[in-house]
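Please read the structure below before turning to the comments.
The values are calculated or read from the model by the stated rules, or taken from the named source; none is laboratory data. Since the model is a prediction, treat every value here as computed from it, not as a measurement. Here the Cβ positions follow ideal geometry from the backbone for every residue, glycine too, while neighbour counts run over all protein chains shown. Surface accessibility is based on the protein's heavy atoms, side chains included, excluding ligands, DNA and RNA. Shrake-Rupley method; radii C 1.70, N 1.55, O 1.52, S 1.80 Å.
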Amino acid sequence: MWNKKIPRLVLSMYIFIVSFSCTFIDFSQLEVSCSLPENGGYFNETELEVFFSLEVELMSLQEIIVLQRNGSTVATELRKNGNAVFIKPTEPWQKGADYRLRFQGDVALVAGGSHQVNFYRSFTYGPVSPAFSLENWSQPAENEPFLEFQFNFPVDSPSFSKEFSLTPSISYTYQLEDEGRRVKIIPEEEWKYNQRYSWSIQGLESQDGFVLEKKYEDDFLWLIDTELPVLEKICAVHLLGGSDYFPKEGDDITLCGKEPLLFQFSKEMDFDSLSSGLRFEPSCAGQLRKGKNNREFLWVPEENWSLEEQYRVVVSSEVQDLSGNSMAQQQEAYFTVDNEFLQVLSVSFGDGGTEISDFQSPGALQRALQDAVPVSVQSQDSCIVTKITFSKDFDPEGLVQALDAISMEVFFPLTASYPVLEKVRISGESSLELWWSGFSPSSDEVDNYYRLNIAGGASGPQSVVGNYLKEGVCVIFQVLKS
């Protein structure tokens with residue numbers, strides 16, 4: 001017999017089982033919403049609010065959140081208020097920058113369990129406005145040699161100094177105009193002809209904190225100059241003191257002393273190029289100096305030009321003007337030194353002593369003794385004053401060199417005592433006076449002779465303009481007791 005109670009029992013058990021299972025299985029969905037639209041837009045608040053339909057664990061969300069600024073990940077700070085989570089970067093928001101926010105992965109719920117989340121938004125931070133951009137730029141011109149940039153927002157000056165680059169580099173200053181929207185680059189040196197310059201600006205900030213939307217870069221070619229430089233003149237110059245000078249007249253190049261040599265070109269020249277492309281034969285130590293302008297240059301010798309020397313000066317074809325144009329060909333010139341040799345006009349011994357003007361060369365001693373000049377001294381301790389008079393004004397700065405070339409020695413016999421130089425004085429403009437002591441006077445048994453030597457050549461005595469003795473001279477004298 002069918003028991004009607006059995007189906008009722010089965011139905012009750014089924015209802016109980018279904019009711020019990022619903023307390024452990026949650027079929028609800030975790031929904032995420034944000035004030036930002038899915039297709040992006042502008043955001044200008046302090047924190048970004050994201051609302052979850054279920055309350056989530058903040059630490060769990062922190063592990064899967066990624067915030068990027070212009071493609072680079074930045075650290076974030078999170079706080080929660082119920083189901084709402086507020087997000088901001090640890091560093092200040094950057095105006096005009098592009099941000100991307102993403103949660104992807106499992107997030108734990110406060111009520112237990114977890115949900116898979118895949119949420120993405122992109123936005124630009126700042127008020128709704130045009131992006132910070134470069135509107136136009138103008139390259140330097142001959143009458144206005146300034147590089148100018150026009151922006152749509154006022155520029156932050158320190159940021160421009162950091163983010164602007166120019167290659168090849170030159171020294172420049174810049175100033176802001178048009179309330180900071182226009183930047184004028186003012187060169188402190190001249191732009192080089194035929195030179196292509198490249199510039200770039202990236203990461204520049206406006207005064208409101210917006211960052212330039214992209215990297216800007218371009219280049220320009222400064223004025224083209226194809227005219228080749230020409231060496232117009234090489235001549236000697238007279239120095240007037242300081243840096244002033246005037247050229248010597250005449251077609252022939254003649255120099256004396258330390259007179260500079262002038263090089264005059266048809267165009268402004270590159271100093272370093274000329275310095276490396278200038279050559280003297282025989283070699284001549286000196287300095288190249290800029291003249292009255294970039295077309296004139298002076299070669300100033302360190303020492304006097306050598307007497308009776310013919311010099312050859314060569315200007316290489318590799319010498320360039322300021323535009324980088326080289327000379328068409330090598331140019332050269334010859335010049336001589338307009339100097340006569342220094343002469344010893346006279347030598348005298350003692351006050352009122354006989355002046356000697358007919359000298360022997362150091363090697364011509366055949367008539368040395370019979371031509372010897374008598375000079376008297378009272379004793380061996382007495383001094384003999386020797387006065388040497390030259391044909392030109394003596395150079396006081398060369399006194400040490402002159403004394404090295406003047407010597408007093410025993411001539412005969414070698415047993416006589418050697419003299420000693422006690423004192424020196426420049427007498428007038430062209431004479432030297434030397435005090436010597438220690439002479440051995442002649443006696444009845446022996447005659448004592450001495451020799452004064454004055455060496456010739458460039459290492460000997462010189463005049464103020466570099467004249468020197470062509471050959472050395474000597475005077476032999478006999479010392480007598482007065």
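A few notes on this one:
- Solvent-accessible area assigned to carbon and sulfur over the chain amounts to 47 percent, based on a 1.4 Å probe.
- Distance between region 29-66 and region 306-344 - C-alpha centres, whole angstrom: 83 Å
- Residues whose amide H comes within less than 5 Å of that of GLY472, counting only those at least five positions distant or on another chain, are GLY456 (H built at 1.01 Å from N in the peptide plane).
- If R0 is taken as 56 Å, the Cβ-Cβ distance between SER157 and GLN116 corresponds to a FRET efficiency of 0.65.
- With a simple spin-label model that places each label point 7 Å from the Cα along the Cα-to-Cβ direction, the separation between GLU57 and LEU480 comes to 13.2 nm.
- 3J(HN,Hα) from dihedral phi, region 227-233, Karplus parametrisation 6.51/-1.76/1.60, rounded to Hz, x for glycine, proline: 5, 7, x, 10, 7, 7, 7
- Longest to shortest principal axis, alpha-carbon extents of the chain, angstrom: 187, 55, 41
- Part-to-part distance (alpha-carbon centres) for region 197-214 and region 146-160, which is given in Å: 8 Å
- Contour excess over end-to-end distance, with Cα ends at ASP404 and THR167 and 0.36 nm allotted per residue: 79.5 nm
- Listed residues ASP321, ASP272, ASP178 arranged by accessible area, highest first, probe 1.4 Å: ASP272, ASP178, ASP321
- Region 143-274: radius of gyration over Cα atoms, expressed as a fraction of 2.2 N^0.38 Å: 1.64
- Area accessible to solvent at LYS248, 1.4 Å probe radius, in Å²: 50 Å²
- Considering region 201-340 at the alpha-carbon level, its Rg and Dmax are found to be 21.9, 79 Å.
- Per-pair calculated FRET efficiency, R0 = 25 Å: HIS238 and VAL424 via Cβ, rounded to 0.05: 0.20
- Angle between the chain longest axis and helix 5-22 axis [Cα atoms, degrees, rounded to 10]: 20 degrees
- In this structure, the amide hydrogen of LEU109, modeled 1.01 Å from its nitrogen in the peptide plane, lies closer than 5 angstrom to those of GLU57, SER114, HIS115, counting only residues at least 5 positions away or on a different chain.
- Sorted largest first, extent of region 341-482 alpha carbons per principal axis (Å): 49, 30, 24
- Kirkwood Rh in Å, taken over all unlike Cα pairs in region 65-131: 13.5 Å
- Phi to ³J(HN,Hα) by Karplus 6.51 cos²θ - 1.76 cosθ + 1.60 over region 31-36, Hz, x for Gly, Pro: 9, 10, 9, 8, 6, 7
- Cα-Cα over 27 Å, subset of LYS184/LYS292; LYS258/LYS423; LYS192/LYS290: LYS184/LYS292; LYS258/LYS423
- In region 22-111, chymotrypsin sites (Phe, Trp or Tyr not before Pro) in a DSSP loop with at most 15 other beta-carbon atoms within 10 Å: PHE24, PHE27
- Cβ-based net charge around PRO145, under 13 Å, with every Lys or Arg adding one and every Asp or Glu removing one: -4
- Contour minus Cα-Cα distance for GLU45 and VAL385 (0.36 nm per residue): 112.0 nm
- Applying a DSSP loop filter and a limit of 14 other Cβ atoms within 10 Å to the GluC sites (Glu not before Pro) in region 424-482 leaves GLU429, GLU445, GLU471.
- Summed side-chain charge close to GLN401 - residues other than GLN401 whose Cβ falls under 14 Å, Lys, Arg +1, Asp, Glu -1: -4
- Phi angles of region 465-482 translate, via the Karplus equation with coefficients 6.51, -1.76, 1.60 and θ = phi - 60°, into HN-Hα couplings of 10, x, 5, 9, 5, 5, 9, x, 10, 8, 10, 9, 9, 9, 8, 10, 8, 7 Hz per residue; Gly and Pro are given as x.
- As a calculated quantity, the FRET efficiency between TRP435 and GLN331 at R0 = 60 Å, using C-beta atoms, amounts to about 0.65.
- Rolling a 1.4 angstrom probe over the protein heavy atoms with all chains in place gives the chain an accessible area of 57 Å² per residue.
- Between TYR245 and LEU240, the built amide H atoms are under 5 Å apart, and every one of these is 5 or more places off in sequence or on another chain.
- LYS215 contributes about 90 Å² of solvent-accessible surface, heavy atoms of the protein only, 1.4 Å probe.
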